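Heads up: the structure comes next, in structure tokens.
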Amino acid sequence: MAAVSAPRFTLRPLGRLAGGAVLSAALFSASAATAQEAATLSFGGAAGVADPASLPVATAVLNGPEVTQSEPGFLDEGGLLDAENPDFVFTLRLGAQAQSAYFGSDDIEWGPDAGFRFDFIRFPNGFEYGSGRAVGFREGLGLRGSVRYIPMRNTSDHAELTGLEDVDWAWEAGFGVGWEQRNYRLFADARYGVIGHHAFVGELGADVILRPAEGWTLTAGPRVTLGSDRYTSTYFGVTAAESAASGLAAFDPSGGAVEAGVELSARYDFNERWGMEGILSYKKFVGDAADSPIVLQGTDDYLKFEVGLTRRVSLDF
């Protein structure tokens, strides 16, 4: 801080005194105006403010409108389903399907469809399977999730099945192992009928993978379906009592290869979370399934078409 000295008075000629007074007044006016402007634009400074009530208005003008940032929605990017460093990644598909009304039927029926694809998992010890990157793309050896829904076979809806027992709808769930690279994949799945037939089912397959344009993925490859004795008996067998009631020959099939065919799929990814997928399967019954009286009176072809919206889910445990 500068030292303060005692005032000292000096007599000057009148003209010089008047000129000094005018110059001092001008400097005082300029200083006052500058101080007032500074006070008006200063918020929280040491200088006094000419009109404190104007502070909120001035602050709003300088800072602009207040923006409220809300949390991402449940399905939005960055929401609960999009962890930045996920431990578990899978893809769900929900939509509709058209398929043979039952194994051996000539009729096609529509119904709801759901699909599940396992993409990535990280265990507590740091061991990882699959890839947490874009939808449906893994490299190397990885686990697969596998589920399938089989509609009810209701004999009252099909005159040719009169005398046979109804077969309840089934839901199969299981896992598989696959080897996937950018342009091909090989896999083997095993499922169990958690609801319905309570039998084991296996599937072997291979695919060529093409990416003709950004966002598009096309696949095509062979499929073979295997079933246990209980599975083939449920869908292709005819008991003695059913034979007497329906006129079909009694038949007790063994497990083994049930279907062989090809599967085609097309997927378009809007981004790394959302996409659309369509799958077309054509298979023929083989082995004991092809010799079933139920198939012989109908067809040994089996068709299925699925289409739906896909959503990648990333969870952090």
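The values are calculated or read from the model by the stated rules, or taken from the named source; none is laboratory data. Given the structure is predicted, the values throughout are model-derived calculations rather than measurements. Methodologically, a virtual Cβ is constructed for each residue, glycine included, from the backbone with ideal geometry; neighbour enumeration extends over all protein chains shown. Areas reflect the complete protein model, heavy atoms only, side chains present, ligands, DNA and RNA absent. Shrake-Rupley method; radii C 1.70, N 1.55, O 1.52, S 1.80 Å.
Taking segment 237-255 as the range and being closer than 18 Å to Val201 by Cα and open to solvent by less than 30 Å² (accessible area, probe 1.4 Å) as the test, the residues that pass are Gly237, Pro253. Pairs are defined by a Cβ separation below 8 Å, a sequence spacing of at least 6 or placement on different chains, a first member in segment 220-249 that is assigned to a loop (DSSP other than H, G, I, E, B), and a second member that is open to solvent by 10 Å² or more (accessible area, probe 1.4 Å) and acidic (Asp, Glu); the pairs so defined are Gly237/Asp252; Thr239/Glu165; Leu248/Glu242. Thr217 fulfils the conditions (1) open to solvent by 20 Å² or more (accessible area, probe 1.4 Å); (2) touching a strand residue (DSSP E or B) at 6+ places or on another chain (Cβ under 9 Å) except for a single criterion, (1).
Filtered by the rule that a residue be in a loop (DSSP other than H, G, I, E, B), under 20 Å from Ser105 (Cβ atoms) and touching a residue at least 24 places away in the same chain (Cβ under 8 Å), segment 150-189 gives Pro151, His158, Thr162, Gly163, Leu164, Glu165, Asp168, Trp169.
Taken over segment 112-127, the criterion of being surrounded by 13 or more Cβ atoms within 10 Å (Cβ to Cβ) and either within 22 Å of Arg182 (Cβ to Cβ) or at pLDDT 80 or above (or both) is satisfied by Asp113, Ala114, Gly115, Arg117, Phe118, Asp119, Phe120, Ile121, Arg122. Can you spot a residue in segment 193-212 that is under 25 Å from Gly298 (Cα atoms), touching a Gly at 6+ places or on another chain (Cβ under 7 Å) and open to solvent by 20 Å² or more (accessible area, probe 1.4 Å)? No; the residues of segment 193-212 include none that is under 25 Å from Gly298 (Cα atoms), touching a Gly at 6+ places or on another chain (Cβ under 7 Å) and open to solvent by 20 Å² or more (accessible area, probe 1.4 Å). A Cβ distance below 9 Å, combined with a sequence gap of six or more or placement on separate chains, defines the contacts here; from segment 290-317, residues that are closer than 29 Å to Leu161 by Cα and without any contact (Cβ under 8 Å) to a residue 24 or more places away in the chain reach residues that are open to solvent by 30 Å² or more (accessible area, probe 1.4 Å) and among the basic types (Lys, Arg) in the pairs Ala290/Lys284.
If only residues of segment 258-317 that are among the acidic types (Asp, Glu) and in a strand (DSSP E or B) are counted, the one that is surrounded by the fewest Cβ atoms within 10 Å (Cβ to Cβ) is Asp301.
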